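Take a look at the structure set out below.
Every read-out reported here was derived from the displayed coordinates using simple, explicitly stated rules and does not represent laboratory data. Remember, predicted model here, so these are calculated numbers, not experimental data. Positions of Cβ are backbone-derived with ideal geometry, glycine not excepted, and every protein chain shown enters the neighbour counts.
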Amino acid sequence: MTHLRGYLDSDDPLTRDIVTALIAYKEEDDCLDYKQTVDISSEKEWLGLTKDISALANTFGGYLVFGVDDGEHDIIGLSRDVANVLKDSSRIQGKINRFLEPQIGSLRSKEFRFDSKVVVALYIPQSKGVTHLVSKLGKFKHTSGAEKTALQQGTFDIRRSAGNHLGDSRDLDNVIDRRIEQFRASLIEKIARVVSSPASSDVFILSKDPNDKSGERFIIEDSPDSIPVKGMSFTIPPDGAEEEIAAWSVIYRGKSSLRPPSDEVWKWYALRNKLQLSKNYRRTLLKFSLWDNVPAFFWIQGLKARDIKETLLETIHDRPVGVEAKQMLVIASFMGETFFKRALRAFGEYNDRLAPAMKKFPDQGPRKSYGTMRKPKKQTTAQFKAGQLKELNSIAELALTKEKEPGTFVRWQAQALDCFLYSQDDLYR
């Protein structure tokens with residue numbers, strides 16, 4: 001399948017050589033489907049094509065090759081009338097877009113002859129940044145006279161294991177991850193090079209790359225004709241918090257001085273239950289949170305101990321000047337005494353500046369680092385946790401609305417609540 005995806009990215013994805021290779025492939029997969037023919041007068045078959053095309057567009061893109069038997073994969077050929085319809089990509093788009101939102105564009109189809117037999121190949125590009133949903137019921141009349149539903153409003157299809165499948169929550173996660181990665185890749189492509197602003201400035205600069213005639217590439221630099229952007233900005237406006245996090249992970253690239261403003265990190269924490277993030281972005285948010293004293297235990301839920309340890313050591317190694325070590329050591333203590341001592345050594349010379357109490361492994365348990373939260377006798381455990389969650393959310397939401405980080409005491413209080421609600425004790429070992 002990997003080399004089929006290479007065809008999709010070709011300058012011309014519908015050359016005769018590529019279509020010949022598609023026919024010779026003789027196996028349907030996530031990017032390729034064979035169709036013997038299509039009854040162009042049948043609403044049922046047009047609804048089926050709507051599912052085929054939207055599923056491919058929602059996944060990796062792909063090809064429908066018409067005129068090839070979908071069993072033995074031999075060339076059968078198409079009638080002239082059918083070929084005339086299928087080689088008209090505008091007509092296909094008009095038929096399928098009756099039921100899709102957003103609509104699919106950029107389809108391409110082309111007719112080929114193999115030993116006097118007509119084959120039409122339809123190219124479906126991957127839809128980047130959108131997911132095509134069924135916008136209304138798609139019905140057809142069965143031969144029995146009964147009305148059947150082929151498309152259900154509000155659903156979406158994906159391509160998996162050489163077939164179409166209704167998207168579920170797992171597929172939605174995959175779609176979101178691909179969308180974030182696509183945004184990340186496009187951002188990397190548009191940044192020509194990164195250099196620091198003058199040491200006396202907190203301002204980073206975006207200016208057009210003079211070597212790029214299309215005007216689509218940008219440089220982050222300091223120059224007289226540049227546009228100053230406080231706290232960084234993006235050549236492509238991020239669409240939502242997930243893309244903001246993806247963009248900052250690109251700009252950061254292991255250099256802590258290019259991290260997002262503290263109020264941004266608090267905003268993401270306030271929105272934490274609404275975000276769909278992959279493991280790598282959770283690891284990045286752990287770093288940002290520890291550097292800005294934002295609660296961090298929420299982000300490491302579900303991460304393997306190996307990933308947490310690796311990220312903690314990177315966070316300590318890249319720690320900006322003036323960043324406190326306490327929260328890093330609290331999380332390190334949850335990983336066991338051996339790793340706690342390793343984390344201490346990672347601080348190097350800064351270790352000598354830590355208070356003796358901070359360098360002592362908490363024998364009574366890591367949670368004791370933030371003190372004890374006592375449940376009132378009249379409350380159930382669930383009621384007590386609900387109250388603590390409400391208090392934590394109010395702190396995070398206040399930081400979000402005021403667009404600034406809380407004071408020292410409130411910040412510590414939020415970290416303690418985050419630890420109480422989200423830390424997982426021995427599950428990190």
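With an 8 Å cut-off on Cα pairs and a minimum separation of 6 or more residues, tell me the relative contact order of the range 2-166 in percent.
27 percent
Can you give the relative contact order of the range 93-187 as a percent, counting alpha carbon pairs under 8 Å and 6+ residues apart?
Here the relative contact order equals 20 percent.
Which lysines, on any chain, are close to Lys51 with Cα under 20 Å apart, when same-chain ones fewer than 8 places away are left out?
Lys51 reaches Lys35, Lys87, Lys95, Lys128, Lys136, Lys139, Lys141, Lys148.
Of all trypsin sites (Lys or Arg not before Pro) in the range 384-418, which ones are in loop regions per DSSP and have a Cβ with at most 15 other Cβ atoms within 10 Å?
Those that pass, being in a loop and sparsely packed, are Lys404.
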